[in-house]
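S.K.: I am attaching a structure below and will ask some questions about it afterwards.
The values are calculated or read from the model by the stated rules, or taken from the named source; none is laboratory data. Values in this document were obtained by computation on a predicted structure and should not be read as measured data. Note: ideal-geometry Cβ built from the backbone for every residue, glycine included; neighbour counts use all protein chains shown.
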Amino acid sequence: MSLERRTLLKVLSAGAVAPEALLSAASHCSSSGLGTEFDNYQFAFFTAAEQALAGKLMELIIPADSHSPGALAARVPAFADMMLARGSENARKAWRSGLAAFQTSKQSPEETLAQAASEEESPMSDLGRFFVELKRMTVDGYYTSKIGITDELRYDGNQHLTAAPQCTHPEHQ
Amino acid sequence: MPVQNYDVCVIGSGAAGGIVTKELCEGGAKVILLEAGAEVKPSQFRSHCWPYELENRGYRSEKQDLFYPGDVRSSIRYEQSDSVSVDRIRVLGGRTVHWNAVVLRYSPTDFRERSLNGIEADWPFSYEEIAPYYDRIEKMIGVCGNDDGIDTLPAGKNYLPPLPLRCSEQILRRDIKGMGAKVISVRKALLTRDYDNRPACHYCGHCMDGCDVSAIYSTPGSMLPKARRTGNLTLRQNALAREILLDKAGLARGVSIVDRQTGKEEEIRVKIVVVCCASIESARLLLNSKIANSSGVVGRYLHGHSTGQMFLYLKELQGKATGNQDGALDQCLIPRWDTKSYKGTYDFQVNYSGFMFPFQARAVRGYGSAFKQRVREMEPGFLMMGGYCKVTAHPDNRVTVDPNTKDANGIPIPVVHFRFHDMDKEIYASMRASALEMTTQLKADVTALPPATLSGFASHENGTIRMGTDPKTSVLNGYCQSHDVKNLFVTDGSTFPTSSEKNPTLTIMAQSLRAADYIKEKRKRREL
């Protein structure tokens, strides 16, 4: 459901919009009606080992901490799998060989990730370039999840308001 | 082939077609409105969907996919072109269901580039001639804003209450004063109070994804109910115009259409044809019809806007609890302020992206809890802007058709040929310099600046069927009427002889209203 019930009630009591318009809007978010919270997701691209490794790396990038849950709780590996399965062959190849570099490394994943991340500003190696892809995917998946939007950012928009947001701080004027 | 008879055929239901249809229906004409797309009902809009309710998390243009059915995105080619893209939305209401609704009047000087600056061409009408139509249109569609007393941005008389500035916009106004730039409440076809049987905006921040309550002006939400009430409207959806057909006297006798669902062809017989398909599709239709082109100008003089975006995070707001700031998206505007030379022909639209996705997360370096915290802290400081720059009109920048490559309906596809000229690059460079100067005035972390090379057109393409007083160098007269085919009109942005830095829609609507008045008058006198 796309609108909080209390928001709906607030709007409905204001009488601004036909109730059926809002209620039907709330159920038309995807053509399948399934959405992407990945409750019972079947992995289509990652092998079990890749899935575990990707999850470990993603959780290192956006970890659970005292503020909010991390990438694993937000099911970012499933998001990545879905995007890659629907994406380009080139992207799939880059991920397969990127993850393989971690698997074959003599260093721990933590050490390899640190090494890869050191090139973030201007990646020169395949590993450095993969880090950029891995992080972008993690960011894109995490911050579009319910956990990323609500628990982490505490975003409170996408609401029906009765007045436009306005600055009332004298120091900003 | 089945044949149907009407007085007027309006092709395209966007900003231009909506106004013409409503006006002519009210004027007593039997109007058939053709739309190549179909209605997407407000209940189908994905505006209020959370990303995790969508199949692709909102990526891959998922929220707007419904507006681009079939092969419309792919059945076009760019040949030897700079980095530009054009919009060919295919939905009932056209771009009025997928727009930010910024409606700015052109200024008196914008209509006189040739006379004042020796470049391009003058428009066949002046600001004074179009001003009464601006007045009427603003009243018809509902526009919020202020009269800010700015010469480059003439104001109307009938504005709804203005949108207020938010924290980041107040800070912007305070800090860039020294540059001479003003930050004003935007003028938008958005209702800040109930108006014309439409409810006020609910400030959800999703203007571009379709407004479910029509607080933003759209053809289906505002004009079609009025046109339907007259009993004179026939709406044909999924009807793709293949050709405009002429009779032996050289007048338009009708339109041949392909029904996109059945694939069947039909002919619509009419007395008057009004083309409102926007710059690319209108030119394509005229070129495929091989009509109205004694000047050789059809398809030529494609122009519009170049744009470049910047993202900043104001230090003053970082880490602060600012609450929900999405509002009506771009609640403010920085109008053109440098009038010393053509290089100042740009403005800035502000905050037209909402706060839901933290773009800084793609720019902040590092990883781990510290990264996460930094992204979170920066978020309330979000301020983004796009510079919109005039692109000049040149004959070699054009749309052609490729008779050997056809779309899914067997109609030759359009081909875009476009190169930026030196003047375009100079205007863009001035905009970029102003953007850089702003970053020195604002205390902010900057994550993106307008790129060094320009791109276009941000859905604001104009030209290809230009108006003018001389039939040798223009396709239409000042009433949007073909010089060659007297009962053929084109009233969308393709008519524009020149672009300014302003968004084109309000001027498209005003000239559509003016053309509709002219058609009504000519019909009354039985001259059309």
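S.K.: Let me confirm something: among B:G263, B:G296, which residue is touching a residue at least 12 places away in the same chain (Cβ under 8 Å) and of a type in the set (G, A, S)?
M.R.: Numbers: B:G296 fails: touching a residue at least 12 places away in the same chain (Cβ under 8 Å).
Just a single option satisfies the conditions, and that option is B:G263.
S.K.: Which of (1) free of Cβ contacts under 8 Å to residues at least 24 places away in the same chain; (2) within 14 Å of another protein chain (Cβ to nearest Cβ); (3) exposed (fewer than 14 other Cβ atoms within 10 Å of the Cβ); (4) aliphatic (A, V, I, L, M) is the odd one out, the single condition A:A64 does not satisfy?
M.R.: (3)
S.K.: Restricting attention to the range A:80-96, which residues are surrounded by fewer than 17 Cβ atoms within 10 Å (Cβ to Cβ) and among the charged types (D, E, K, R)?
M.R.: A:R86, A:E89, A:R92, A:K93, A:R96
S.K.: Could I ask something else about it? Which of (1) among the basic types (K, R); (2) within 14 Å of another protein chain (Cβ to nearest Cβ); (3) in contact with a Lys or Arg (Cβ under 6 Å, 6 or more places away or on another chain) does B:K22 not meet, given it meets every other one?
M.R.: (2)
S.K.: If I filter the range A:166-173 for residues that are over 30 Å from B:D330 (Cβ atoms), at the interface with chain B (Cβ under 9 Å from one of its Cβ atoms) and surrounded by 15 or more Cβ atoms within 10 Å (Cβ to Cβ), do I get at least one hit?
M.R.: Here is the first cut: in the range A:166-173, the residues over 30 Å from B:D330 (Cβ atoms) are none.
Checking the range A:166-173: not a single residue is over 30 Å from B:D330 (Cβ atoms), at the interface with chain B (Cβ under 9 Å from one of its Cβ atoms) and surrounded by 15 or more Cβ atoms within 10 Å (Cβ to Cβ).
S.K.: Any residue in the range B:210-230 that's away from chain A (no Cβ under 14 Å): show its pairings with residues that are in a strand (DSSP E or B) and not aromatic (F, W, Y) at Cβ separation under 8 Å, as long as the two are six or more apart or on different chains.
M.R.: B:Y217/B:L190; B:S222/B:R198; B:L224/B:L233; B:L224/B:L235; B:A227/B:V31; B:A227/B:L33; B:A227/B:L233
S.K.: Moving on to the next point. Consider B:G387 carefully, then state whether it is buried (at least 19 other Cβ atoms within 10 Å of the Cβ), in a loop (DSSP other than H, G, I, E, B) and at pLDDT 95 or above. First the steps, then the outcome.
M.R.: Details: buried (at least 19 other Cβ atoms within 10 Å of the Cβ): yes; in a loop (DSSP other than H, G, I, E, B): no; at pLDDT 95 or above: yes.
Criteria not met by B:G387.
S.K.: So which pairs qualify, if the first residue must be in the range B:190-209 and facing chain A (nearest Cβ under 8 Å), the second must be part of a loop (DSSP other than H, G, I, E, B) and hydroxyl-bearing (S, T, Y), the Cβ gap must be under 8 Å, and the two must be at least 6 apart or on different chains?
M.R.: B:P199/B:S214; B:A200/B:T192; B:C201/B:T192; B:H202/A:T162; B:C204/B:S47; B:H206/B:S47
S.K.: Ok, one more. Quick one: in the range B:305-340, which of the residues that are within 14 Å of chain A (Cβ to nearest Cβ) and closer than 30 Å to B:G493 by Cβ is surrounded by the most Cβ atoms within 10 Å (Cβ to Cβ)?
M.R.: So the residue we want is B:A328.
S.K.: A further question follows. Given the conditions (1) more than 16 Å from A:G141 (Cα to Cα); (2) polar (S, T, N, Q); (3) within 9 Å of chain B (Cβ to nearest Cβ), which single one is not true for A:T36?
M.R.: Of (1) more than 16 Å from A:G141 (Cα to Cα); (2) polar (S, T, N, Q); (3) within 9 Å of chain B (Cβ to nearest Cβ), only one is false for A:T36: (1).
S.K.: Another question, if that's okay. Filtering the range A:155-165 down to residues that are among the polar types (S, T, N, Q) and facing chain B (nearest Cβ under 7 Å), which residue is nearest to A:M83 (Cα to Cα)? Even if it seems obvious, please write down each step before you answer.
M.R.: Kept after step one, since they are among the polar types (S, T, N, Q), are these residues of the range A:155-165: A:158-159, A:162.
If we keep only those that are facing chain B (nearest Cβ under 7 Å) too, we end up with A:158-159.
Values: A:N158: 25, A:Q159: 28 Å.
Here the answer is A:N158.
S.K.: Sticking with this structure for a sec: Yes or no: the range B:225-234 includes at least one residue that is in a helix (DSSP H, G or I) and crowded, with 18+ Cβ neighbours inside 10 Å. Break it down stepwise before answering.
M.R.: Kept after step one, since they are in a helix (DSSP H, G or I), are these residues of the range B:225-234: B:225-229.
Next cut, crowded, with 18+ Cβ neighbours inside 10 Å only: B:226-227.
Within the range B:225-234, one or more residues are in a helix (DSSP H, G or I) and crowded, with 18+ Cβ neighbours inside 10 Å.
S.K.: Looking at the range B:231-258, which of its residues are among the acidic types (D, E) and in contact (Cβ under 8 Å) with a residue 24 or more places away in the chain?
M.R.: To start, the set of residues in the range B:231-258 that are among the acidic types (D, E) comprises B:243, B:247.
Within the range B:231-258, B:E243 is the sole residue that qualifies.
S.K.: Another question, if that's okay. Restricting attention to the range A:118-154, and to residues there that are aromatic (F, W, Y) and within 11 Å of another protein chain (Cβ to nearest Cβ), which single residue is farthest from B:K372 (Cα to Cα)?
M.R.: So the first thing to find is which residues in the range A:118-154 are aromatic (F, W, Y), and the list is A:130-131, A:142-143.
Subsequent filtering for residues that are within 11 Å of another protein chain (Cβ to nearest Cβ) retains A:131, A:142-143.
Numbers: A:F131: 16, A:Y142: 11, A:Y143: 10 Å.
By that ranking, first place goes to A:F131.
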